[in-house]
Amino acid sequence: MAEKQKLIEIKNLKQYFNVGKGNVIKAVDGLTFDIYKGETLGLVGESGCGKSTTGRTIIGLYKATEGEVLFNGVNVHAKKSAKELKTLKRKMQMIFQDPYASLNPRMTVADIIAEGIDIHGLAKTREERMQRVYELLETVGLNREHANRYPHEFSGGQRQRIGIARALAVEPEFIIADEPISALDVSIQAQVVNLMKKLQREKGLTYLFIAHDLSMVKYISDRIGVMYFGKMVELADADELYRNPIHPYTKALLSAIPLPDPETERTRQRIVYDRSQHNYKEGEELQFREITPGHFVLCSEAEYEKYKTMYT
Amino acid sequence: MEKLLEVKNLEVSFQTYGGEVQAVRGVSFHLNKGETLAIVGESGSGKSVTSQTIMRLIPTPPGKIKSGQIIFNGEDLVKKTDKEMEQIRGKEIGMIFQDPMTSLNPTMKVGHQIMEVLIKHQKMSKSAAKERAIELLRLVGIPMPEKRVNQYPHEFSGGMRQRAMIAVALASNPKLLIADEPTTALDVTIQAQILELMKDLQKKTGTSIIFITHDLGVVANVADRVAVMYAGKIVEMGTVDEIFYDPRHPYTWGLLASMPSLDSDDQTELAAIPGSPPDLTNPPKGDAFAPRNPYAMKIDFEMEPPMFKVSDTHYAATWLLHPDAPKVEPPEAVKKRLRKLSSNYEKPVVVKESE
């Protein structure tokens, strides 16, 4: 694990939205983390915590308010020539959350999937292009007859698979998957997750996997970051996070996952998180601190000491 | 136990340009008073169509109830006219939909949407209805209901809207509550709250609940009994313990095995069910699950399996329970869950058609 290569470096990333009348929403409020080559970083949190915004800012859909994102050492938000931008866009792809809104209703499935192939000139002939589309459709669990249909003819789950096929079409290095499986059925979720893992092994893909389904996130991720109100409150290896959650919010989140086991469900004890329980004093500085190696928690100096003695 | 609802051999189909889609193909189940029945299945398995048929919300045409009975409180809902259904829908049977964003009226105050039910079905006066609306909002755990009652849905968060939906559905004390994926769009923490709320309300009001979901974790949390649907049919039905600790149908095995468990560290592949559900315009001969079933035998492709009874409450439709079937081992992930249940019969019994 020593020579992990950083693919993405995120430094003090901030994304504020001006909502008028002087109100500013701090959707992402100072994130710093790295994503290593070939790993899957899971990002979890409740809706509105800024996890989707983080993904969109990383890929450059939003212009960051502050901070920077480096992809292979190249600043995503810096000014670039059209050609540089094109190469960068090919290497980073996104699978979106809403399968209803992210596919053009007036394009056939084949054209949707092949759009990237066309733009980047990845297929030389029509046959090759269609062949590629058929292959992609089959990899995501659809069949080739679907190629000439339109998005409205598909269920939400099937549309999401089209979105995945589209992202895979340009053979990217890094995929931001924003709740890619939330809309799918359990059996299909497993197919897609297996598929994503297989693709990762074969092509060395790197994923940022954003989701609120914590059991699936744990399964697919190497490391997991927990977000709360625009900040990352905890970051650790997937197993470590589930075994030894430190931040009270993480504990509350974990205690809310329903498990497919009636007996544990009958005796479930849910922990409720209240932000005021920290009792931070005024002027106390919250920082992302390393409690045990590779396990970071957002905490104050006093909490840091407490956690240190509790968990080491 | 008193039966509140009994669905017998229900068949529903839709006329489309591509042909007739047989969405529900002979579904039978019952629901006791005060219990929660979870219906699980993939999209397109017919679970939502079944519940919407009970509410008679299927647009006809293109939809059509081809046969079957829905006995609710001793009356057959299939035979009711639309006018008669209006007296039942929202009053005797309440429904919570998946998407709280689209199922509330955005131009009406939340309070009014609750009051509407009360004024129509319970003939309450406006002021009494408003008071009850506030009470209901408090019941579902919305803070400051006096203020919230005068707000519009857009002023509510997703979880709050779902709570408001529950308040609307509960307004007329329905005997039956149908919840169609009520927590799918919500965060886990909010989901946990809503599930707790529903269980709590059930204890207070004694409502029966049909809970439709594809999340097995949620099923384990809320259900008393579980019906597993596939391709328009119930393939397995039993108490929650029977389904989770002694599943018999390969499809149920597949569903259970495809869930990652939180405590396993192994990085093995998830046991996904290969392929996708069949096209119901042209349902396959034999067992509809056979093409995706690694345990399928020759007979599965030729003849539909009958229902076998494993215990008084546990049914499964698979040839594997036939005395002549070879013994098979369920997938690893399922084997870990298996327990010996004392209520099982010595041998599975075929259920006769007439039962």
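The values are calculated or read from the model by the stated rules, or taken from the named source; none is laboratory data. Worth saying up front: this structure is predicted, and the values here are computed from it rather than measured. No Cβ is skipped: glycine too gets one built from the backbone with ideal geometry, and neighbour counts run over all protein chains shown.
Hey, among B:GLU2, B:GLU84, which residue is under 20 Å from the mean Cα position of the chain (by Cα) and among the acidic types (Asp, Glu)? So that I can check it myself, show each step before the final result.
On the way: B:GLU84 fails: under 20 Å from the mean Cα position of the chain (by Cα).
B:GLU2 is the lone residue from the list that is under 20 Å from the mean Cα position of the chain (by Cα) and among the acidic types (Asp, Glu).
Can you give me the ranges of the helices (runs of 4 or more DSSP H) entirely in the range A:205-312 with at least 1 residues that are closer than 20 Å to A:ALA177 by Cβ and in contact with a Phe, Trp or Tyr (Cβ under 6 Å, 6 or more places away or on another chain)?
In the range A:205-312, A:214-220 are the helices (runs of 4 or more DSSP H) which contain 1 or more residues that are closer than 20 Å to A:ALA177 by Cβ and in contact with a Phe, Trp or Tyr (Cβ under 6 Å, 6 or more places away or on another chain).
Which of the residues belonging to the range B:31-48 are in contact with a Leu (Cβ under 7 Å, 6 or more places away or on another chain) and more than 11 Å from chain A (Cβ to nearest Cβ)?
Answer for the range B:31-48, where residues must be in contact with a Leu (Cβ under 7 Å, 6 or more places away or on another chain) and more than 11 Å from chain A (Cβ to nearest Cβ): B:LEU31, B:ASN32, B:LYS33, B:LEU37.
Just to be sure, is A:SER102 touching a Gly at 6+ places or on another chain (Cβ under 8 Å) and away from chain B (no Cβ under 12 Å)?
Numbers: touching a Gly at 6+ places or on another chain (Cβ under 8 Å): yes; away from chain B (no Cβ under 12 Å): yes.
So A:SER102 passes the test.
State which residue is surrounded by the most Cβ atoms within 10 Å (Cβ to Cβ) when the search covers only the range A:259-300 and only residues that are away from chain B (no Cβ under 14 Å) and of a type in the set (A, V, I, L, M).
My answer is A:VAL297.
Of the residues A:GLU202, A:GLU135, only one is more than 12 Å from chain B (Cβ to nearest Cβ), surrounded by fewer than 17 Cβ atoms within 10 Å (Cβ to Cβ), part of a helix (DSSP H, G or I) and under 24 Å from the mean Cα position of the chain (by Cα); which?
A:GLU202
Working only within the range B:144-162, note down all residues that are surrounded by fewer than 19 Cβ atoms within 10 Å (Cβ to Cβ) and either away from chain A (no Cβ under 14 Å) or in a helix (DSSP H, G or I) (or both).
The answer is B:MET144, B:GLU146, B:LYS147, B:ASN150, B:GLN151, B:TYR152, B:HIS154, B:GLU155, B:GLY158.
What's the number of the only condition in (1) within 11 Å of chain B (Cβ to nearest Cβ); (2) acidic (Asp, Glu); (3) surrounded by 22 or more Cβ atoms within 10 Å (Cβ to Cβ) that A:ASP178 fails to meet?
All conditions are met except number (1).
Can you tell me which residues in the range B:166-187 are under 13 Å from the mean Cα position of the chain (by Cα) and of a type in the set (Gly, Ala, Ser)?
Passing the criteria: only B:ALA179.
State the number of residues belonging to the range A:205-237 that are closer than 23 Å to A:GLN93 by Cβ and either over 15 Å from the mean Cα position of the chain (by Cα) or facing chain B (nearest Cβ under 9 Å) (or both).
Residues flagged as closer than 23 Å to A:GLN93 by Cβ and either over 15 Å from the mean Cα position of the chain (by Cα) or facing chain B (nearest Cβ under 9 Å) (or both) within the range A:205-237 amount to 5.
Tell me whether the range B:17-34 contains one or more residues that are crowded, with 17+ Cβ neighbours inside 10 Å and not in a strand (DSSP E or B).
yes
Any residue in the range B:331-346 that's farther than 18 Å from B:THR239 by Cα: show its pairings with residues that are surrounded by 11 or more Cβ atoms within 10 Å (Cβ to Cβ) and of a type outside the set (Gly, Ala, Ser) at Cβ separation under 7 Å, as long as the two are six or more apart or on different chains.
B:PRO331/B:TRP253; B:ALA333/B:LEU256
Name the residue, out of B:MET165, B:MET124, that is over 29 Å from B:SER43 (Cβ atoms), aliphatic (A, V, I, L, M) and surrounded by 16 or more Cβ atoms within 10 Å (Cβ to Cβ). Give the steps one after another, and end with the answer.
On the way: B:MET165 fails: over 29 Å from B:SER43 (Cβ atoms).
Answer to the check: B:MET124.
Checking B:LEU136 against (1) surrounded by 21 or more Cβ atoms within 10 Å (Cβ to Cβ); (2) hydrophobic (A, V, I, L, M, F, W, C); (3) in contact (Cβ under 8 Å) with a residue 40 or more places away in the chain, which single condition isn't satisfied?
Of (1) surrounded by 21 or more Cβ atoms within 10 Å (Cβ to Cβ); (2) hydrophobic (A, V, I, L, M, F, W, C); (3) in contact (Cβ under 8 Å) with a residue 40 or more places away in the chain, only one is false for B:LEU136: (3).
Taking only pairs six or more apart or across chains, which ones have beta-carbon atoms under 8 Å, a first residue in the range A:142-154 that is under 17 Å from B:PRO278 (Cβ atoms), and a second residue that is at pLDDT below 85 and aromatic (Phe, Trp, Tyr)?
Taking only residues 6 or more apart or on different chains, the pairs are A:HIS146/A:PHE154.
Would you check if A:LYS83 is modelled with pLDDT of 85 or more and out of contact with any Cys (no Cβ under 8 Å at 6 or more places or on another chain)?
Against the criterion (modelled with pLDDT of 85 or more and out of contact with any Cys (no Cβ under 8 Å at 6 or more places or on another chain)), A:LYS83 qualifies.
Looking only at the range A:184-196, which residues are at the interface with chain B (Cβ under 9 Å from one of its Cβ atoms) and touching a residue at least 24 places away in the same chain (Cβ under 8 Å)?
A:LEU184, A:ASP185, A:ILE188, A:GLN189, A:GLN191, A:VAL192, A:VAL193, A:LEU195, listed by residue number.
Of the conditions (1) of a type outside the set (Ser, Thr, Tyr); (2) crowded, with 16+ Cβ neighbours inside 10 Å; (3) within 14 Å of another protein chain (Cβ to nearest Cβ); (4) outside any helix (DSSP H, G or I), B:GLY254 clears all except one; give me its number.
Evaluating B:GLY254 over (1) of a type outside the set (Ser, Thr, Tyr); (2) crowded, with 16+ Cβ neighbours inside 10 Å; (3) within 14 Å of another protein chain (Cβ to nearest Cβ); (4) outside any helix (DSSP H, G or I) leaves (4) as the failure.
Is it the case that the range B:296-303 has a residue that's more than 10 Å from every other protein chain (Cβ to nearest Cβ), surrounded by 22 or more Cβ atoms within 10 Å (Cβ to Cβ) and under 20 Å from the mean Cα position of the chain (by Cα)? Talk me through it step by step, then tell me what you get.
Start the filter on the range B:296-303 by keeping residues that are more than 10 Å from every other protein chain (Cβ to nearest Cβ), which leaves B:296-303.
Then keep just the ones that are surrounded by 22 or more Cβ atoms within 10 Å (Cβ to Cβ); that gives B:300.
Right, trim to under 20 Å from the mean Cα position of the chain (by Cα) and you get none.
The answer is no, given that none of the residues of the range B:296-303 is more than 10 Å from every other protein chain (Cβ to nearest Cβ), surrounded by 22 or more Cβ atoms within 10 Å (Cβ to Cβ) and under 20 Å from the mean Cα position of the chain (by Cα).
Condition first: assigned to a loop (DSSP other than H, G, I, E, B) and modelled with pLDDT under 85. Now tell me which residues in the range B:95-116 satisfy that.
B:PHE97, B:GLN98, B:ASP99
Only one of these is more than 9 Å from chain B (Cβ to nearest Cβ) and in contact with a Gly (Cβ under 8 Å, 6 or more places away or on another chain): A:GLU240, A:GLU303. Name it.
One residue alone meets the criteria, A:GLU240.
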